[in-house]
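*Asks:* Below you will find the structure I want to go over with you.
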Amino acid sequence: MVRLKVGILSNQRGWHLEDLFRAGRKLDLEVAALDFRSLATAVEEGREEVAAGSQPLAEFDRLLVRAMPPGSLEQVVFRMDVLQRLVARGIPVINSPRAVECAVDKYLALARLSAAGLPVPRTRACEGARQALEDFEALGGDVVVKPLFGSEGRGLMRISDPDLALRAFHALERAGAVIYQQQFIRHPGWDLRVLVLGERVCAAMRRRVAPPFTSGAVPNLAGAEWRTNIARGGRGEPADLSKEAAELAIQAAAAVGTEIAGVDLLPDAQGNLYAIEVNSSPGWQALSRVTGADVAAEVLGYLRDLLPPGAGQRNPRP
C-alpha cells in the first residue's frame, strides 16, 4: 500500500517540524520538509512545474503551510501565487492561500469576523496620526495598538495617555505603518487559545498573564503586563470549554476560511467572550504540554482524512 505523502512548507527545522515527523511515523505517513525559500517554477509549452529544491510539489498528496519566512513584497506575493497555482491543479493546500492571506492581516480577519456576526473588540485603523488620535478618543482613551502583521504579542502597545498616543501615532505614520488600534478590554487575567481542526475543537488551554497579575482583573494600569501570550511569559493551563466558547472558536475559524487554526478568545470583566485573532499557523508546543493532546498527530490525521481535493476546503465568507 502506497503511503500518503505530506509536504510541510516552512522556513526552518525546529520543534514543530520534528513533532510532525514523529507523528508521521506514528500514523505511517511520509512527511517531508519543504523550504518556502527554495520554491522554483517552470512554465513552458502549456506545462507548469513547481518544485521546492529538488522535490516536485505535484508528487505530494497534501501540503501543509506551517510557517512562511520573512521576505520582500515580491517574494511573499510569489510564494502565495505558487500556492494558488497548486490549488488550481487540485493539490490540497492547508490552509488555503486565501485563508492564509486573510488570517495574517489583522484588519481583514477582524472585518470577516465582524461580518459573520461574531463579537470583536471595537477597532479603528487608518494611516494618519491626527485621524488615529480621534480614533483613540472614540475608543475611550485606553487602547491596544497592534502591528497589522505580527504574532506572539510582538509589537503590541497599550496606550492610555493622549500625548503618548500622538507621539506613537506620528512615529507609526512616519514609518509608513497602518495605525491599527482596539479598545482595551479589561479581562480577568487570562484568555483562551483554542485549536480548531475543521468543524471541531482539537484542544484548548487557558493562558494566564505573567506574574504578578495571575488572578483577578487586570489592573487599570497601562504599564502593567496584560498580554497572555506564552511567548511573553504567560502561563498555560488546561481549560474545559463551554459550548458557547467552542462554537465561537469554530465559527471564527470558518469566517476566516481556515481549516487548521489557533483562535484566541478573550473574556471581559462580565464574562462576555470576544474573538480576538485567528492564527493560520498556530504553534502547539505549550498546548500539547498543558493538555497532553498529540496535536501533531491530530493535524496529520486531519490531512489524511480530507475529502477529495476541493471538497473539504473552506472558502472565506465575503
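The values are calculated or read from the model by the stated rules, or taken from the named source; none is laboratory data. Please read these numbers as outputs of a predicted model, since none were measured by experiment. Neighbour counts are summed over all protein chains in view; Cβ atoms, including those assigned to glycine, are modelled from backbone coordinates with ideal geometry.
*Asks:* Looking at (1) in the same structural domain as Leu273 (by TED's automatic domain parsing); (2) in contact with a helix residue (DSSP H, G or I) (Cβ under 7 Å, 6 or more places away or on another chain); (3) among the β-branched types (Val, Ile, Thr), find the lone condition where Val209 falls short.
*Replies:* Result: Val209 passes all but (2).
*Asks:* Pairs please, first residue from segment 52-73 and touching a residue at least 12 places away in the same chain (Cβ under 8 Å), second anywhere and among the hydroxyl-bearing types (Ser, Thr, Tyr) and assigned to a loop (DSSP other than H, G, I, E, B), Cβ atoms under 9 Å, 6+ apart in sequence or on different chains.
*Replies:* Filtered contacts from segment 52-73: Val65/Ser96; Val65/Ser280; Val65/Ser281; Arg66/Ser281; Ala67/Ser281; Met68/Ser281.
*Asks:* I'm trying to understand the selection: among the residues of segment 103-119, which are touching a residue at least 60 places away in the same chain (Cβ under 8 Å) and more than 16 Å from Val178 (Cα to Cα)?
*Replies:* Ala103, Arg112, Leu113, Ala115, Ala116, Leu118, Pro119
*Asks:* Now for a separate question. How many residues, within segment 158-195, are without any contact (Cβ under 8 Å) to a residue 24 or more places away in the chain and either under 30 Å from Val295 (Cβ atoms) or outside any loop (DSSP other than H, G, I, E, B) (or both)?
*Replies:* Residues flagged as without any contact (Cβ under 8 Å) to a residue 24 or more places away in the chain and either under 30 Å from Val295 (Cβ atoms) or outside any loop (DSSP other than H, G, I, E, B) (or both) within segment 158-195 amount to 6.
*Asks:* Out of all the residues in segment 113-157, which are part of a loop (DSSP other than H, G, I, E, B), touching a strand residue (DSSP E or B) at 6+ places or on another chain (Cβ under 6 Å) and within 26 Å of Glu247 (Cβ to Cβ)?
*Replies:* Leu118, Pro119, Val120, Pro121, Arg122
*Asks:* Let me ask something else about it. For segment 137-175, what are the residues that are over 16 Å from Ile276 (Cβ atoms), surrounded by fewer than 15 Cβ atoms within 10 Å (Cβ to Cβ) and not basic (Lys, Arg)?
*Replies:* Within segment 137-175, Glu137, Ala138, Gly140, Gly141, Asp161, Pro162, Asp163, Leu164, Ala171, Ala175 qualify.
*Asks:* If you take just the strands (runs of 3 or more DSSP E) that sit entirely in segment 12-102, which of them hold at least 3 residues that are among the aliphatic types (A, V, I, L, M) and surrounded by fewer than 17 Cβ atoms within 10 Å (Cβ to Cβ)? Lay out the reasoning, then the answer.
*Replies:* On the way: elements: 30-35, 39-44, 47-52, 62-65.
Qualifying strands (runs of 3 or more DSSP E): 39-44.
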